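The values are calculated or read from the model by the stated rules, or taken from the named source; none is laboratory data. The structure displayed is predicted, hence computed values, not measured ones. In this analysis, Cβ positions are derived from the backbone assuming ideal geometry, glycine residues included, and neighbour counts consider all displayed protein chains.
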Amino acid sequence: MNQRLPTASDTSVADHREAAWPEYAVLVVDDEAGVRNFLERALRARGCRVEVAGSSEEGAERLREHHFDAIVLDIALPGRSGMEWLRSLKNDGFAGDVILITAFADIETAIDALRAGAADFVLKPFRVDQIINSLQRCFERARLDRENFVLQRQVAGLGAEVAGLIGHSASMRALCDMIRRVAPTPATVLILGESGVGKEVTARALHQMSTRAERSFVPLNCAAVSAELIESELFGHVRGAFTGAREARRGLFHYANGGTLFLDEVGELPLAMQTKLLRALEERRIRPVGSEAEVPVDVRVVAATNRDLHAEVAAGRFRRDLFYRLEVLTLSIPPLRQRPEDVAELVQHFNAQLSSRLGLPPLTVTPADLVRLATYPWPGNVRELRNLIERSLILGSLPVHNQVQGMADPLPLSLAEVEKRHILAVLDQCGGNKTHAATLLGVSRKTLDRKAVEWGLA
């Protein structure tokens with residue numbers, strides 16, 4: 001095609017002041033080398049990763065090799081036309097946007113392009129700022145789509161506001177040290193712990209302390225999705241893939257691209273899905289349900305379970321190769337009954353957090369209350385404690401012994417030992433400041449000094 005190519009003098013590429021796009025990748029497909037080269041330079045100047053191709057077939061090869069957020073696609077190409085490839089891309093579940101460009105077009109062609117799924121339609125000769133503005137709109141839509149998706153899941157309660165890891169016991173300090181070592185690495189992590197210990201909180205901490213913190217954290221409770229739908233939930237599906245699939249749908253791997261996918265209760269995955277998850281982890285590629293095309297993904301997977309996966313492997317309910325792939329790094333979270341010295345700090349945290357959220361006055365918690373709470377076994381772990389504080393705030397006071405199952409059971413520790421543990425935990429929390437600790441404990445500094453002498457800590 002004989003067309004005037006855009007230049008820096010009429011496009012103001014060099015002076016474009018919008019933010020750069022280092023996190024995005026664009027594929028430019030055009031049979032004219034001049035157009036490809038110019039767009040490649042213009043987009044690379046904005047920090048994009050750019051690949052180019054001279055035909056739909058060559059573009060398809062690039063797409064099998066890399067993830068792209070958008071494709072700039074010429075309609076008139078040798079072999080398969082851009083319009084034909086666009087329809088194929090959408091049928092195969094391509095999740096990015098496609099901007100069509102052409103030198104020959106009319107209103108009918110433009111309408112057909114938009115109906116086929118094009119995000120925009122640009123006529124040649126174009127100014128490069130037209131392409132840039134179109135891509136800007138595409139990336140903004142993608143960002144808002146991703147953020148909206150994540151927010152919807154948070155509001156749905158994967159849900160409540162997430163607090164950080166709370167506790168200064170030796171086991172919690174060791175866990176936090178391990179998180180700091182593991183978080184910056186790209187390795188898959190397996191989190192082990194009973195229900196309610198804070199596995200998702202730990203996964204979020206790993207994400208926030210990683211190089212992926214600016215991208216999405218996407219959680220999924222594998223036990224909450226039926227075996228029939230789990231593949232579509234993770235990988236997405238194309239239109240018509242199964243009964244009821246009236247529209248193509250993106251999966252969680254798409255929304256987590258560049259970020260972290262948290263698979264809670266991974267031990268509940270059906271065996272067939274375990275095989276497909278293993279393949280996705282090994283090859284870093286996924287295939288939407290009903291599609292023949294594979295899509296490259298860049299996702300860090302963090303998995304969690306309350307099951308004994310060694311036993312599940314021995315029983316044939318969990319794939320051995322997937323288990324070894326997941327347990328590259330393992331974090332074990334201790335149950336609350338093994339760290340009673342953290343109870344007082346958790347009570348203080350939830351009391352302040354939930355009273356503010358509920359718009360209610362904080363609970364009055366006495367040292368005797370803390371002793372009683374510290375000796376309760378907490379079968380539901382931190383989640384049970386949080387729920388108790390929330391319920392108590394609504395009712396106006398902490399329950400008495402006989403209002404909580406098990407709370408009146410014989411104490412596993414002597415009262416003196418519980419008192420000692422609690423005081424030492426508060427001292428540790430205050431960095432050894434006895435005046436501050438005495439204030440938090442509701443006792444005099446003289447009393448605290450006397451206890452310290454008694455325990456040989458003076």
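Could you list, in sequence order, all residues of segment 92-103 that are under 17 Å from residue 141 (Cβ atoms) and either in a strand (DSSP E or B) or without any contact (Cβ under 8 Å) to a residue 12 or more places away in the chain (or both)? Break it down stepwise before answering.
So in segment 92-103, the residues under 17 Å from residue 141 (Cβ atoms) come out as 94-100.
Listed by number, the residues that qualify are 97, 98, 99, 100.
Going by the structure shown, is residue 272 part of a helix (DSSP H, G or I) and assigned by TED's automatic domain parsing to the domain that holds residue 184?
Values: part of a helix (DSSP H, G or I): yes; assigned by TED's automatic domain parsing to the domain that holds residue 184: yes.
In short, yes.
Could you tell me which of the residues 121, 126 is surrounded by 15 or more Cβ atoms within 10 Å (Cβ to Cβ), in contact (Cβ under 8 Å) with a residue 24 or more places away in the chain, of a type in the set (Phe, Trp, Tyr) and over 20 Å from residue 287 (Cα atoms)?
On inspection, the qualifying residue turns out to be 126.
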Looking at segment 61-69, can you tell me whether even one residue there is modelled with pLDDT of 90 or more and either surrounded by 16 or more Cβ atoms within 10 Å (Cβ to Cβ) or closer than 20 Å to residue 294 by Cα (or both)? no
The one condition residue 361 fails out of (1) touching a residue at least 12 places away in the same chain (Cβ under 8 Å); (2) surrounded by fewer than 21 Cβ atoms within 10 Å (Cβ to Cβ) is (1)
Are any residues in segment 371-384 buried (at least 21 other Cβ atoms within 10 Å of the Cβ), of a type in the set (A, V, I, L, M, F, W, C) and either farther than 22 Å from residue 430 by Cβ or in contact (Cβ under 8 Å) with a residue 40 or more places away in the chain (or both), and if so, which ones? 374, 378, 382
As an exercise: evaluate residue 70 against (1) free of Cβ contacts under 8 Å to residues at least 40 places away in the same chain; (2) within 29 Å of residue 237 (Cβ to Cβ) and give the number of the one condition it does not meet. (1)
From 260, 275, grab the single residue that is of a type in the set (S, T, N, Q) and in contact with a strand residue (DSSP E or B) (Cβ under 7 Å, 6 or more places away or on another chain). 260
Enumeration of residues in segment 4-43 that are closer than 21 Å to residue 296 by Cα and at pLDDT below 90: 21, 22, 23, 24, 25
Identify all residues within segment 110-138 that are in a helix (DSSP H, G or I), within 32 Å of the chain's Cα centre (by Cα) and at pLDDT 85 or above; write none if there are none. 131, 132, 133, 134, 135, 136, 137, 138
Please verify whether segment 233-256 includes one or more residues that are in contact (Cβ under 8 Å) with a residue 12 or more places away in the chain, buried (at least 19 other Cβ atoms within 10 Å of the Cβ), more than 13 Å from residue 301 (Cα to Cα) and of a type in the set (Val, Ile, Thr). yes
